[in-house]
């Protein structure tokens, strides 16, 4: 093997730029706030969910051998959503969460009604879609407090943590 050179690096394809994405939900349950396209447009940042394999260690006769265990998903991802003066993001997330579980009414819903499939599309610079990841069983677990600050002029945004079951590429 020869040492890596400029020629090797210059021969790589163009980089994947992190702003070339869209996060789509098939719908937003709960009937409040934004529709799914409104969430897509307001999504500033998110994460492409990862996965891992449990490590199984077998200690025998003074040594340890590691094996691959079950494949598991990270089960959560966060999206930062830009808020507008209509408070659509807050209304949509609260509506969705209350649709799933409502403490005031001591009621809830079945997962088939509140969980949604999300899709993350990743684009190159042309823009061609180069990858689409389906994220199954999504629902919001939390959205952060909205920090208000009278000493600056910044736009409001919510960090929303979503639960999911698994992904397909």
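Could you tell me the calculated FRET efficiency between residue 117 and residue 16, based on Cβ-Cβ distance and R0 = 30 angstrom, to the nearest 0.05?
0.80
Using the beta-carbon distance between residue 74 and residue 32 and R0 = 25 Å, what value does 1/(1 + (r/R0)^6) give for FRET efficiency, to the nearest 0.05?
Working: r = 28 Å, r/R0 = 1.13.
With a Förster radius of 25 Å, E is 0.35.
Under a plain spin-label model, where a point goes 7 Å from the Cα along Cα-to-Cβ, how far apart in nm are residue 48 and residue 125?
1.7
How far is helix 88-100 tilted off the main Cα axis of the chain, in degrees rounded to 10, range 0 to 90?
That works out to roughly 80 degrees.
Between residue 106 and residue 154, take the C-beta separation as r, use R0 = 30 Å, and let me know the FRET efficiency to the nearest 0.05.
0.20
Would you work out the relative contact order for the chain, in percent, from Cα pairs under 8 angstrom that are 6 or more residues apart?
24
Can you tell me how region 1-123 classifies by the Cα gyration tensor, rounded, prolate or oblate, using a/c under 1.5 as the rounded cut? List each step's numbers first, then the result.
Details: a/c = 3.79, a/b = 1.40, b/c = 2.70.
Oblate, because a/c is 1.5 or more while a/b does not exceed b/c.
Divide by every residue of the chain the summed helix terms, -39500 (n - 2.57) for each DSSP H run of at least 4, and state the resulting mean residue ellipticity at 222 nm, rounded to the nearest 500 deg cm²/dmol.
-4500 deg cm²/dmol
Once label points are set 7 Å from the Cα along Cα→Cβ at both residue 58 and residue 169, what is their separation, rounded to one decimal in nm?
2.9
For each of 133, 9, count neighbouring Cβ atoms within 10 Å of the residue's Cβ, then give the residues from fewest to most. Display every interim value, and only then the final one.
On the way: 133 16, 9 8.
Ascending Cβ contact count within 10 Å gives the list 9, 133.
Every read-out reported here was derived from the displayed coordinates using simple, explicitly stated rules and does not represent laboratory data. Note that the structure is predicted; figures quoted are calculated from it, not measured. Cβ atoms come from the backbone with ideal geometry, glycine included; neighbour counts cover every protein chain shown.
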